[in-house]
Amino acid sequence: MNSKFPKFIFNDLKYYVYLYSHPITNEVFYVGKGKGNRAFSHLDEIKESEKVKYISYLRQSGLEPNIEILIHGLESEEMALRVESSIIDLLNINNLKNINKGYQSASFGRMSINQIKSLYERKQIDVNEPSLLIRISKAFRYSMSERELYDFTRGFWKVSLTRAEKAKYAFAVYQGIIQEVYKIDKWYQAETTENVRNPEEEILLKTKGRFEFVGEIAPREITDKYKYKSVEHYFKKGNSNPIMYVNI
(Lines give C-alpha, C1' and ligand atoms only; values in the text may rest on other atoms or scores of the structure.)
Protein backbone atom coordinates (compact mmCIF):
# COMPACT_ATOMS: atom_id res chain seq x y z
CA MET A 1 0.00 0.00 0.00
CA ASN A 2 1.24 3.46 -0.88
CA SER A 3 1.07 5.08 2.57
CA LYS A 4 1.68 8.69 1.58
CA PHE A 5 0.16 11.42 -0.53
CA PRO A 6 2.63 13.41 -2.62
CA LYS A 7 3.09 16.87 -1.10
CA PHE A 8 1.99 18.70 -4.23
CA ILE A 9 -1.65 17.63 -3.69
CA PHE A 10 -1.85 18.75 -0.02
CA ASN A 11 -3.17 22.22 -0.88
CA ASP A 12 -5.99 20.80 -2.99
CA LEU A 13 -6.85 18.09 -0.47
CA LYS A 14 -7.18 20.58 2.42
CA TYR A 15 -9.06 18.93 5.31
CA TYR A 16 -10.76 15.64 4.59
CA VAL A 17 -12.70 12.77 6.18
CA TYR A 18 -11.50 9.22 5.63
CA LEU A 19 -12.72 5.67 6.23
CA TYR A 20 -10.99 2.41 7.15
CA SER A 21 -12.81 -0.72 6.04
CA HIS A 22 -12.35 -4.46 5.77
CA PRO A 23 -10.76 -5.16 2.35
CA ILE A 24 -13.09 -8.07 1.57
CA THR A 25 -16.42 -7.28 3.26
CA ASN A 26 -16.06 -3.49 2.86
CA GLU A 27 -17.45 -3.05 6.38
CA VAL A 28 -16.30 0.33 7.74
CA PHE A 29 -14.59 0.03 11.13
CA TYR A 30 -13.09 3.49 11.62
CA VAL A 31 -13.88 7.08 10.64
CA GLY A 32 -11.34 9.90 10.93
CA LYS A 33 -10.53 13.40 9.78
CA GLY A 34 -7.32 15.28 9.06
CA LYS A 35 -5.09 16.76 6.41
CA GLY A 36 -1.78 15.87 4.80
CA ASN A 37 -0.99 12.20 5.42
CA ARG A 38 -3.21 11.80 8.48
CA ALA A 39 -5.23 9.05 6.75
CA PHE A 40 -2.23 6.72 6.84
CA SER A 41 -1.02 7.44 10.38
CA HIS A 42 -2.95 4.61 12.02
CA LEU A 43 -1.06 1.98 10.04
CA ASP A 44 2.00 2.55 12.22
CA GLU A 45 0.29 3.14 15.59
CA ILE A 46 1.39 0.91 18.44
CA LYS A 47 -0.74 2.19 21.34
CA GLU A 48 -3.51 -0.06 22.64
CA SER A 49 -6.86 0.64 21.00
CA GLU A 50 -9.67 -1.32 19.37
CA LYS A 51 -8.66 0.20 16.02
CA VAL A 52 -5.03 -0.95 16.33
CA LYS A 53 -6.14 -4.42 17.45
CA TYR A 54 -8.40 -4.73 14.44
CA ILE A 55 -5.67 -3.65 12.00
CA SER A 56 -3.37 -6.21 13.64
CA TYR A 57 -6.08 -8.86 13.25
CA LEU A 58 -6.36 -8.08 9.53
CA ARG A 59 -2.59 -8.27 9.06
CA GLN A 60 -2.42 -11.63 10.80
CA SER A 61 -4.84 -12.80 8.11
CA GLY A 62 -2.56 -11.40 5.40
CA LEU A 63 -4.81 -8.41 4.73
CA GLU A 64 -4.47 -4.64 4.87
CA PRO A 65 -7.30 -2.23 5.68
CA ASN A 66 -8.90 -0.43 2.77
CA ILE A 67 -8.53 3.36 3.13
CA GLU A 68 -10.89 5.75 1.34
CA ILE A 69 -11.31 9.51 1.33
CA LEU A 70 -15.01 10.21 1.84
CA ILE A 71 -14.83 13.96 1.26
CA HIS A 72 -11.97 16.41 0.77
CA GLY A 73 -11.41 20.08 0.03
CA LEU A 74 -12.94 21.15 3.37
CA GLU A 75 -11.87 24.64 4.37
CA SER A 76 -11.56 24.16 8.14
CA GLU A 77 -10.92 21.51 10.75
CA GLU A 78 -14.28 22.26 12.38
CA MET A 79 -16.05 21.53 9.10
CA ALA A 80 -14.18 18.22 8.87
CA LEU A 81 -15.06 17.42 12.49
CA ARG A 82 -18.76 17.95 11.83
CA VAL A 83 -18.73 15.75 8.74
CA GLU A 84 -16.82 13.08 10.69
CA SER A 85 -19.39 13.34 13.49
CA SER A 86 -22.29 12.91 11.06
CA ILE A 87 -20.74 9.79 9.55
CA ILE A 88 -20.08 8.28 12.99
CA ASP A 89 -23.71 8.93 13.92
CA LEU A 90 -24.90 7.40 10.66
CA LEU A 91 -22.80 4.26 10.98
CA ASN A 92 -23.38 3.98 14.77
CA ILE A 93 -20.31 4.26 17.01
CA ASN A 94 -21.09 0.87 18.58
CA ASN A 95 -20.19 -0.73 15.24
CA LEU A 96 -16.92 1.20 14.91
CA LYS A 97 -13.50 1.08 16.53
CA ASN A 98 -13.53 4.83 17.28
CA ILE A 99 -12.92 5.58 20.94
CA ASN A 100 -15.12 8.67 21.02
CA LYS A 101 -18.39 9.68 19.45
CA GLY A 102 -18.15 12.44 16.89
CA TYR A 103 -17.34 16.09 17.55
CA GLN A 104 -20.31 17.86 19.19
CA SER A 105 -22.46 14.88 18.23
CA ALA A 106 -24.72 15.46 21.23
CA SER A 107 -25.42 19.03 20.10
CA PHE A 108 -25.35 18.89 16.30
CA GLY A 109 -25.42 15.19 15.45
CA ARG A 110 -28.11 12.99 13.97
CA MET A 111 -31.55 14.03 15.30
CA SER A 112 -35.20 13.37 14.62
CA ILE A 113 -37.40 16.27 13.52
CA ASN A 114 -39.03 16.32 16.97
CA GLN A 115 -35.63 16.54 18.64
CA ILE A 116 -34.57 19.44 16.42
CA LYS A 117 -37.81 21.31 17.08
CA SER A 118 -37.62 20.74 20.84
CA LEU A 119 -34.04 22.01 20.99
CA TYR A 120 -34.93 25.36 19.46
CA GLU A 121 -38.55 25.82 20.56
CA ARG A 122 -37.84 24.91 24.22
CA LYS A 123 -41.51 24.77 25.26
CA GLN A 124 -41.53 24.88 29.06
CA ILE A 125 -43.67 22.49 31.10
CA ASP A 126 -44.27 21.92 34.81
CA VAL A 127 -44.14 18.37 36.14
CA ASN A 128 -47.21 17.38 38.20
CA GLU A 129 -46.38 13.79 39.14
CA PRO A 130 -43.81 12.59 41.73
CA SER A 131 -40.78 12.26 39.48
CA LEU A 132 -37.03 12.30 39.08
CA LEU A 133 -35.44 14.57 36.49
CA ILE A 134 -32.20 12.88 35.46
CA ARG A 135 -29.62 14.79 33.43
CA ILE A 136 -27.50 12.45 31.29
CA SER A 137 -25.26 15.07 29.69
CA LYS A 138 -21.96 13.14 29.50
CA ALA A 139 -23.38 9.98 27.97
CA PHE A 140 -26.05 11.42 25.70
CA ARG A 141 -26.12 11.56 21.94
CA TYR A 142 -29.21 12.02 19.80
CA SER A 143 -28.57 8.84 17.85
CA MET A 144 -28.62 6.60 20.94
CA SER A 145 -30.69 3.44 20.64
CA GLU A 146 -33.81 3.08 22.77
CA ARG A 147 -31.98 0.56 24.97
CA GLU A 148 -28.92 2.79 25.41
CA LEU A 149 -31.04 5.76 26.47
CA TYR A 150 -32.92 3.59 28.96
CA ASP A 151 -29.76 2.12 30.50
CA PHE A 152 -27.95 5.45 30.81
CA THR A 153 -31.03 7.06 32.35
CA ARG A 154 -31.77 4.43 34.96
CA GLY A 155 -28.35 4.25 36.56
CA PHE A 156 -25.98 4.49 38.25
CA TRP A 157 -26.96 7.24 40.68
CA LYS A 158 -26.26 8.41 44.18
CA VAL A 159 -29.83 8.90 45.34
CA SER A 160 -31.70 8.98 48.61
CA LEU A 161 -33.38 5.60 48.19
CA THR A 162 -36.19 6.60 50.55
CA ARG A 163 -37.02 9.58 48.34
CA ALA A 164 -36.28 7.88 45.01
CA GLU A 165 -38.72 5.07 45.78
CA LYS A 166 -41.51 7.65 46.01
CA ALA A 167 -40.96 8.71 42.38
CA LYS A 168 -43.42 7.30 39.88
CA TYR A 169 -41.59 8.49 36.77
CA ALA A 170 -38.02 9.16 35.66
CA PHE A 171 -37.32 11.75 32.98
CA ALA A 172 -34.25 11.48 30.73
CA VAL A 173 -33.12 15.10 30.36
CA TYR A 174 -30.51 16.56 28.02
CA GLN A 175 -29.85 20.30 27.74
CA GLY A 176 -33.01 20.89 29.73
CA ILE A 177 -35.20 18.95 27.25
CA ILE A 178 -37.05 15.73 28.17
CA GLN A 179 -35.86 12.99 25.79
CA GLU A 180 -37.90 10.13 27.27
CA VAL A 181 -40.13 9.30 30.25
CA TYR A 182 -39.97 5.99 32.14
CA LYS A 183 -42.37 4.46 34.64
CA ILE A 184 -40.22 3.26 37.56
CA ASP A 185 -40.99 -0.27 38.79
CA LYS A 186 -38.23 -0.89 41.34
CA TRP A 187 -34.79 0.28 42.51
CA TYR A 188 -31.75 -2.00 42.84
CA GLN A 189 -28.11 -1.77 43.84
CA ALA A 190 -26.03 -0.58 40.89
CA GLU A 191 -24.86 -3.22 38.40
CA THR A 192 -27.23 -5.91 39.64
CA THR A 193 -29.47 -5.86 36.55
CA GLU A 194 -28.55 -6.44 32.92
CA ASN A 195 -27.44 -3.38 30.94
CA VAL A 196 -25.64 -2.50 27.71
CA ARG A 197 -23.19 -0.04 29.21
CA ASN A 198 -19.42 -0.43 28.79
CA PRO A 199 -17.97 -2.50 31.69
CA GLU A 200 -14.71 -0.47 31.64
CA GLU A 201 -16.69 2.71 32.24
CA GLU A 202 -18.41 1.15 35.25
CA ILE A 203 -15.06 0.22 36.81
CA LEU A 204 -13.99 3.86 36.61
CA LEU A 205 -17.36 5.00 37.94
CA LYS A 206 -17.11 2.93 41.14
CA THR A 207 -20.73 1.92 41.55
CA LYS A 208 -20.57 1.16 45.28
CA GLY A 209 -23.28 3.15 47.05
CA ARG A 210 -25.11 3.85 43.79
CA PHE A 211 -28.50 2.62 42.59
CA GLU A 212 -30.37 1.87 39.37
CA PHE A 213 -34.04 1.45 38.59
CA VAL A 214 -35.84 -0.89 36.25
CA GLY A 215 -38.99 0.12 34.46
CA GLU A 216 -40.50 0.78 31.07
CA ILE A 217 -41.46 3.67 28.83
CA ALA A 218 -44.32 5.54 30.47
CA PRO A 219 -47.90 5.28 29.15
CA ARG A 220 -48.68 7.21 25.97
CA GLU A 221 -50.61 9.98 27.74
CA ILE A 222 -47.55 10.72 29.90
CA THR A 223 -44.99 10.66 27.09
CA ASP A 224 -47.25 12.80 24.88
CA LYS A 225 -47.56 15.30 27.72
CA TYR A 226 -43.87 15.63 28.60
CA LYS A 227 -41.57 14.33 25.88
CA TYR A 228 -39.51 17.02 24.10
CA LYS A 229 -40.65 19.72 26.53
CA SER A 230 -38.27 21.91 28.54
CA VAL A 231 -37.70 21.48 32.29
CA GLU A 232 -34.56 23.59 32.43
CA HIS A 233 -36.31 26.01 34.83
CA TYR A 234 -36.07 23.34 37.54
CA PHE A 235 -32.27 23.48 37.52
CA LYS A 236 -30.79 26.57 39.10
CA LYS A 237 -27.71 28.05 37.49
CA GLY A 238 -24.59 26.45 38.91
CA ASN A 239 -26.43 23.32 40.09
CA SER A 240 -24.34 20.40 38.85
CA ASN A 241 -26.37 17.64 40.54
CA PRO A 242 -27.72 15.38 37.78
CA ILE A 243 -30.75 14.35 39.89
CA MET A 244 -33.72 16.59 40.69
CA TYR A 245 -36.60 15.38 42.89
CA VAL A 246 -39.96 16.85 41.88
CA ASN A 247 -43.17 16.58 43.95
CA ILE A 248 -41.42 14.28 46.42
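The values are calculated or read from the model by the stated rules, or taken from the named source; none is laboratory data. A quick note: this is a predicted structure, and the numbers were derived from the prediction, not measured. Positions of Cβ are generated from backbone atoms using ideal geometry, with glycine treated the same way; all protein chains shown enter the neighbour counts. Quick note on the areas: whole protein, heavy atoms, side chains included, nothing else; ligands and nucleic acids left out. Shrake-Rupley method; radii C 1.70, N 1.55, O 1.52, S 1.80 Å.
Annotations
- Residue check: Ala167 meets all listed conditions (1) at pLDDT 95 or above; (2) farther than 15 Å from Leu149 by Cβ; (3) not in a loop (DSSP other than H, G, I, E, B) but one, namely (3).
- Any helices (runs of 4 or more DSSP H) falling wholly within segment 1-103 and containing at least 2 residues that are small (Gly, Ala, Ser) and open to solvent by less than 20 Å² (accessible area, probe 1.4 Å): 77-91
- Condition met for Ile222 (under 21 Å from the mean Cα position of the chain (by Cα) and modelled with pLDDT of 95 or more): no
- Segment 54-64, residues that are under 14 Å from Lys97 (Cα atoms) and in contact (Cβ under 8 Å) with a residue 40 or more places away in the chain: Tyr54
Every residue, every condition in (1) among the small types (Gly, Ala, Ser); (2) touching a Pro at 6+ places or on another chain (Cβ under 6 Å); (3) touching a residue at least 12 places away in the same chain (Cβ under 8 Å); (4) under 28 Å from Gly209 (Cβ atoms), yes or no:
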site	(1), (2), (3), (4)
Lys117	no, no, yes, no
Ile125	no, no, yes, no
Leu132	no, no, yes, yes
Thr162	no, no, no, yes
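- For segment 176-192, the criterion of a residue being at positive phi, open to solvent by 20 Å² or more (accessible area, probe 1.4 Å) and of a type in the set (S, T, N, Q) is satisfied by no position.
- Summed over segment 195-218, residues that are at pLDDT 90 or above and touching a helix residue (DSSP H, G or I) at 6+ places or on another chain (Cβ under 9 Å) total 8.
- If you filter segment 121-164 down to residues that are among the polar types (S, T, N, Q), touching an Asp or Glu at 6+ places or on another chain (Cβ under 9 Å) and not in a loop (DSSP other than H, G, I, E, B), you find that the one that is least open to solvent (accessible area, probe 1.4 Å) is Thr153.
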